Every structure is written in C-alpha cells, then in structure tokens.
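All remarks here apply to the structure that follows.
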Amino acid sequence: MSNYGNGKRKPVNEEEDDEDDDGNERDTEAWEKAYADERSWESLQEDESGLLRPIDNQALHHAQYRRRLRSLSSASAASRIQKGLIRYLYLVIDLSRAAGEMDLRPSRMVVVAKQVEAFVREFFDQNPLSQIGLVVIKDGVAQCLTDLGGSPESHIKALMGKLGCSGEASLQNALELVHEQLNQIPSYGHREVIILYSALSTCDPGDVMETILKCKKSKIRCSVIGLSAELYICKYLCQETGGLYSVALDEAHLKDLILEHAPPPPAIAEFAIANLIKMGFPQRAAEGVISICSCHKEAKFGGGYICPRCKARVCELPTECRICGLTLVSSPHLARSYHHLFPVTPFDDVAPSLAPNQHRRPKNCFGCQHSLLNPGNIPVHCVTCPKCKQFFCLDCDIYIHESLHNCPGCESLRDSKSVD
Amino acid sequence: MTPVSSKQYADDVSLLMVLIDTNPLFWSSSAAPLSFSKFLSQVLSFLNSILLLNQLNQVMVIATGLNSCDYIYDSSKGPTSQRVESLLQKLEEFVVKDEELNKDDSVDGIGSSLLSGSLSMALCSIQRIFRSGSLHPQPRILCMHGSQDGPGQYVAIMNSIFSAQRSMVPIDSCVIGSQHSAFLQQASYITGGVYLKPQHLDGLFQYLTTVFATDLHSRSFLQLPKPVGVDFRASCFCHKNTIDMGYICSVCLSIFCKHHKKCSTCGSAFGQPQTVSTSNQKRKAP
C-alpha cells in the first residue's frame, strides 16, 4: 500500500509545475489579480433604485436558515418520525486533474478537503452510530483511502496525507468500488455515497449505466456535489438512486451543500429493513488496572471499557468489539440522535409592526433576555413558538433549532410536558 | 478605551449562571437538609464573593421552579447597592407566580423541577455572550439542584448537555437533595464540570467557595473532586431495567431488553435479530 502511494507522488509534482506555467501564460498584472481573486463585487448588491450597498449579511443569513428549516419540516411532516439513523456512508473525493483548478482559492482540492474535514466532524457529532469511509478518484482509478470506521481523526489524517491531484476521473470505477464495499454491511444500515465531483467528464472502462443500475438495486443512495457545472450523468445517477444533486457556486455554498448531508435522511422503508440490533453497554474499567486493549493490542493502564459479552477491553466508544463483534455504545451516544426524532417545531414569524398587539408583546427575548426593541422603541423582527407562545430573538431562533434542539419556553412549562 | 478593556477581559473573568431549584415540594419535604432561607443566605454570600473576586465577573441567576423558570437576577443590570434586595424581590414574585401556575395537586412525591427549561435558558444567554464579540467573560453553569430527576426531561436535558459540550461550557453541579442525580452526573462528566454532593450542608458556603468559585483557568491548578464512576449503561424502554446488553431499534434507537416483533416507539416491524454474517447472504438472495 505504501509503495502504491510513493508511486503516485511523482506525477503530482509535475502537475504543480504545469500549473505554474499556466499562471504565467495568463499573464495578468498583480493589481488585476487582486481584483480577480478578491471578488469584491460579490459583497455588494443593488437596491431598488439601483444604488450599490453592502449585503446585509445577518438578514440574509437568517432568511436562508428559515428557508432551510421550512423545507426540512415540510419533508419530515410528510413521513413519520423514521429517520435513517444508522448510516454507512462513503465519501468519494475527486482528485483528478480538474481538482487542481484554481477557481476556488487556493485550489478546488484544498477547499474540498477543508469542507470534508468539517463535514466528517459534524457527521459524527450528529450520527454517532454511523460510519464513514473515504474513496479518492485519481488517474482514472478509484482507491479506498480509509475503510468504514467511526473515528473522525483517522479519516481526516488519511485525507490530508494524500492530497494531490492527477489524471482523469472515473465515476464508474468509484461506484463499483463503493458498491462492492457497501454490499457487505448489514441490511438495517442505510447505504449512502456522496461524490464531490470536480471533473467535467468521466473516463470509464465499461458501461456506467449498468453500474448505476447495480447501485440502484443495492439501494445505495448516491448524491453528487459538482464543483464545475451540471453533468447529465451525475443528475441521472442521483435521480435513479434517490440522492441529491447540486452544483456549488462558491466556497460558502459548497459548505452548505455538504453540511446538508450531515443530518440523517428520512428513512425509506424499502431502503433499509428495520431490525433490532444487539448492542452492548460497557462499563468503565476500574482505575489502576493494567489490561491488554483489543484495539491497539498493547497493555494499557486504567480507563477503557469492558465488553459485557467477552470481557475484552476497548479504548473508545462507540466501536465494535474486536473479539466478539458486538456493537458497543454508551447511552449518551444514543441520546445524541434523539433530537432528530423529536425536532423543535419551527417558530412563526412575528410582523415587526404589530400595533394592536403591542402590549402583549414582551420586551425581552424569552431565551436570552435580549431586548426585542431597537433603540427608540422600534420593535425588531422576532419569532414566536407556536406551542408555548413565547417570543424569541432571531439569534436564539437559530441557536435553538441548529444546536440546542429544545424550546426553552416549552421546557419551562409543565403542561406542555404532559402532552408529549 | 478598547485596549484597556481587552486587557481586562483576561482568562480569569467568569460569567456564572446559577440555576437555583425553588421546588416548594422539595424544600418543604423531609428530604431537604436545611431550610430554604438558610440555603439562600449561603448562596447569596457566595454570589457576593464571586462578584468581589473580579470586578468584571458577572452573575446571572435563574430560578428552576415546578411549573416555570425565569431569570431572577443579572449583575450586569441594575445598581450594585441593592443587589440582594432586588434578587429576593424577584425571587418572591417568581415563587408566587410559580405556585399560581400549579393547577393540579396530584403530583405524587416531591416532583421534579424543570431543569431542562432553566438549562436551555442559561445556554441561550451564554450564546448571546459569545455573540457579543471576541472579548467576553468565560461562561459556566452551576446547577444547585435538590429535587429528583424527571424522566420525561431526559431527551431535553441530554440535548442541552450536548449543546453545552459543543460550545465548551462546563456544567457544574451541587446536589442538595438526599439522592445523587444521574442527569447532573452525566452533565458534569460530559461537559467537564465538577459534580459535588456535599456531605454537611451546614457548611454549604464553604463547599461553594472552595470548589465552585474559581474561574476556569485557575481550575487546572486545583485538586477538585474527581468524577466518580458515571454509569453509562442504558435502561430499557420496556421494563426500565438497567441493562448490559440489549436490542436497539435500527429506526428510532429505542432500547429493549428482549427481542420484540414490533417497535413500541416507532411501530416498525422487525425480522429476526441480525448479525453481520447472516446479512450478507440475505442481501444476495433477491
């Protein structure tokens, strides 16, 4: 494996040289480059009368978030509370020549790697029982960078060590590899692939349509995030397998698109068969005891957890016992996923000029006690919970739905509790 | 002005959110080791000493009631001279209001306070401090809790704990009741706070000042109570037994101690209990 890597390193250097040459060919002045790179025009927008003004980032951000929340809640209202909480996801990263393009700075591949790192961390935060594997496409072949596993650090380390682009991209090779790997996972798991595709072509050894059909049969949900332009074959793949296809406009958009895949997707009954999974809840090993850990195969002092079935010692949870194969978790890992099943209802907008109801409107946000009045007693835009009728500021609204997953108002009412 | 304030907000400035359990059923029961007024006088001295430790320290108090939660004190607002008076007045108003909200008297036993509500409010406030700029006091939460855990609040409290963990806010807990609180043990363990159940509550002030008064930076130099073994075993949804090994529904992660045909939470029907080796053959069959 290490030989393989060394063999690949050489062409990478040549590639970088090529790019330097390209840069000289374009022959842009330094001052021109500054404008071209900074894209300062993107931070301005035109108002009704055609005047330029800076974008109101906060309002924009909130509007964007509300739109996302609404689309999410409408989707979940249609289906029951079933979500695919146990996911087996392969992240395919295109490191073909196109990933060296510098339209995202410093290059597509660096930006993608940065977003993948953020995504992997967020993914495990939201789906503690799920697993990720990394695959890269390079020189027309797909290569498994890491096997399915639950440790974010090992994935990130493996990716950062292998960053370098060359050759063509091959959609078929990547799908074949992932298909082979995902066929081995238990049937209750949700199989997913997210492909970060930079190239505008695919260089396949056979018929890619057959491979897509195979993925469809194996119930693998394939999603593609394009970095250049929409491709028919990617769109077709996503349509057939029930995934999402999107093309990133810029770095911020790419981040949004990737992170959209972090919360578990709605479970589709045929995709994964509901089942009971046997799991163990290990207790912490006594302090000061020396035992041989089954994951690193070395003697460790204190700490660790003991598998309740075979009494082997493991260092970290969640994991699978190396000896008896029992899935080992702790109850907080399960609790981390519960908010996906009991989401906070979206809050309703309150019109800022609500003159008749002025007296009913509280002066402060219920969550953070921040004043809901601008200087000069002008009410600011705020939201209200449809259940407990408390008022919240926009910042709390975002925090409550994105991170806290509790409505402080509803939690401070005994009546609402008994209804749940 | 700005360079001065930047120097002032050093790493030893704290924002302390104190959540006080005002559950009247707990304080009037035999489980309460001391009277509410004695408790309050010790807590008030503690709050005063926090504010004396550093000029920029900030204290907020949230009352955790039986039927509601509310802010009762914020040291950044109002004059410093009438600190105790304003706190006590707000607290009295809160207790009266909380009692009015109590409609049914059918609560058996002590009943649980709405810890999930006050924790959520505290976290919302802390987020506002984080948003206020790069210079802010270091926030932490201190739960002074007496009444027992309410099982219905489990999901909400765990959500709060994970959110606090993400924003690196430690949750300290000082348990006044006679029993350990499993919720607060987990909260302090996961967020890296201190969990303490004082043996002699007459000396509560002493416990508070020695364990909970130091800022987060200075904590690393102290020998604080080590977390005792936190039991992370789960209890099954069907019998509420604590179990070592169990079955988890793959759709909603409900925990069962035996194999069931149907999930009682989400209604999915199950096949046979599955292991990895049989799944491969099954998958290839159709």
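The values are calculated or read from the model by the stated rules, or taken from the named source; none is laboratory data. The structure presented is a predicted model; accordingly, all values stated were derived computationally and were not measured. For neighbour counting, all protein chains shown are included, and Cβ atoms are generated from backbone atoms with ideal geometry for every residue, glycine included. Ligands, DNA and RNA are excluded from the accessible area calculation, which covers all protein heavy atoms including side chains. Shrake-Rupley method; radii C 1.70, N 1.55, O 1.52, S 1.80 Å.
Quick notes on this one:
- Summed over qualifying helices (DSSP H, 4 residues or more, each -39500 (n - 2.57)) and divided by its residue number, chain B shows a 222 nm mean residue ellipticity of -11000 deg cm²/dmol.
- Averaging 1/r over every pair of different alpha carbons in the range B:112-252 and inverting the result gives a Kirkwood radius of 16.5 Å.
- Peptide A:368-376 has a mean shielding of 3, counted as Cβ atoms of other protein chains within 10 Å of each residue's Cβ.
- From most to least packed by mean Cβ count within 10 Å, the peptides B:197-203, A:105-111, B:180-186 give B:180-186, A:105-111, B:197-203.
- The A-B contact accounts for approximately 5700 Å² of buried accessible area, totalled over both chains at a 1.4 Å probe radius.
- Peptide A:397-404 has a mean of 5 when you count, residue by residue, the C-beta atoms of other protein chains within 10 Å of its C-beta.
- Across the range B:10-219, C-alpha contacts under 8 Å between residues 6 or more apart give a mean separation that, scaled by the residue count, equals a relative contact order of 27 percent.
- Förster radius 35 Å - calculated FRET efficiency between residue A:184 and residue A:301 (Cβ-Cβ, nearest 0.05): 0.45
- Averaged per residue, the range B:10-219 has 40 square angstrom of accessible surface, using a 1.4 angstrom probe with ligands and nucleic acids left out.
- Inter-chain Cβ neighbour average for residues B:112-124, partner chain, 10 Å: 6
- Dipole magnitude for chain B: about 1500 debye, using +1 per Lys or Arg Cβ and -1 per Asp or Glu Cβ, origin at the Cα centre.
- The smallest convex shape that holds all Cα atoms of the range A:79-226, its convex hull, gives 115 Å³ per residue.
- Estimated D of the range B:28-91 in µm² per second, where Rh is the Kirkwood radius over Cα pairs and Stokes-Einstein applies at 37 °C, 0.692 mPa s: 252 µm²/s
- For the range A:77-162, alpha-carbon Rg relative to the globular expectation (2.2 N^0.38 Å, N residues): 1.23
- With 26 Å as the limit on Cα-Cα distance, the pairs of B:77/B:197; A:114/A:216; A:311/B:261; A:162/A:255; A:387/B:240; A:157/A:311 that go past it are B:77/B:197; A:114/A:216; A:311/B:261; A:387/B:240; A:157/A:311.
- With DNA, RNA and ligands ignored, accessible area of residue B:30 (1.4 Å probe; Å², nearest 10): 120 Å²
- Annotation: average projected area of chain B is 20.3 square nanometres, based on the convex hull of Cα atoms across all directions.
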